[in-house]
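The values are calculated or read from the model by the stated rules, or taken from the named source; none is laboratory data. Just so it is clear, the model here is predicted, and its values are computed rather than measured. Ideal geometry is used to build each Cβ from the backbone, glycine not excepted, and the neighbour counts take in all protein chains shown. For the accessible areas, the whole protein counts, side chains as well, though only heavy atoms, and no ligand, DNA or RNA atoms are used. Shrake-Rupley method; radii C 1.70, N 1.55, O 1.52, S 1.80 Å.
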Amino acid sequence: MTDDLATHSDTPTWRRMVPDEAAVARLAACFARAAEPPAVVYLRGDLGAGKTTFARAYIHALGYEGYVKSPSYGLLETYEAGGQKVLHLDLYRIEDPEELEFLALRDLFDERAVLLIEWPDRGAGHLPDPDLVLEFGELAGGRCIDCSGQSDRGRALARAVARSSRNAVSS
Ligand SMILES: Nc1ncnc2c1ncn2[C@@H]1O[C@H](COP(=O)(O)OP(=O)(O)O)[C@@H](O)[C@H]1O
Ligand SMILES: [Mg+2]
């Protein structure tokens, strides 16, 4: 992906540099404004790459005022805010994808739900397909987030956020 494609065109695949947490908060707010449930968002990237920071900023941007903790021990935390039911999962500690069956995601994932899933590959075969994949990484020493729409709805969301985040986030 070239930076030109990533930052200047209206594609469902793009990159934003996020030099600090304030930049993450601005980008997450763009997603929170544009996202319509139901939606499934995979958050990929190494330990410490910024996945929980993004999820926390997204939930706060919806208007949730409490503490958003990392779900790495409990696997799942649920929030109600801004008309959405956010299901924040972190599958890092899962040993067998079958463990996901105990969470009864099928029952929780309804028309009002947005799923934010850290370490989705560890739940392979037991998760809904993503509408959107966000990849948290580093580029030339700076942090970045790559976004790619995976379904028609996800591509529409990615395009909308490509536009709204252009001025809100440095690129
Ligand atoms: N864009 C960013 N710029 C600077 N620091 C960040 C950024 N995103 C996250 N951090 C910091 O990096 C650390 C790890 O972030 P976290 O979101 O917990 O990672 P992950 O959930 O991917 O393991 C935290 O201390 C967080 O404050
Ligand atoms: Mg995390």
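Consider Y64 carefully, then state whether it is over 15 Å from the mean Cα position of the chain (by Cα), within 25 Å of V18 (Cα to Cα), surrounded by 13 or more Cβ atoms within 10 Å (Cβ to Cβ) and not aliphatic (A, V, I, L, M). Yes: the conditions hold for Y64.
Let's see how each residue does on (1) more than 16 Å from L134 (Cα to Cα); (2) within 16 Å of ligand 1 (Cβ to nearest atom); (3) open to solvent by less than 10 Å² (accessible area, probe 1.4 Å); (4) within 15 Å of the chain's Cα centre (by Cα):
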site	(1), (2), (3), (4)
D20	yes, yes, no, no
E36	yes, no, no, yes
Y42	no, yes, no, yes
T52	no, yes, no, yes
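Restricting attention to region 83-92, the residues that are touching a residue at least 40 places away in the same chain (Cβ under 8 Å) and buried (at least 16 other Cβ atoms within 10 Å of the Cβ) total 2. Filtered by the rule that a residue be among the polar types (S, T, N, Q) and either open to solvent by less than 30 Å² (accessible area, probe 1.4 Å) or part of a strand (DSSP E or B) (or both), region 136-151 gives S148, S151. Screening region 1-95 for helices (runs of 4 or more DSSP H) wholly inside it with 3 or more residues that are at pLDDT 95 or above and within 13 Å of ligand 2 (Cβ to nearest atom) returns the ranges 51-61.
The residues on offer are L115, L134, L108, and the sole one that is more than 16 Å from ligand 2 (Cβ to nearest atom) and out of contact with any Gly (no Cβ under 7 Å at 6 or more places or on another chain) is L108.
Just one of the listed residues (A104, A158, A124) is more than 14 Å from ligand 1 (Cβ to nearest atom) and open to solvent by less than 10 Å² (accessible area, probe 1.4 Å), namely A158.
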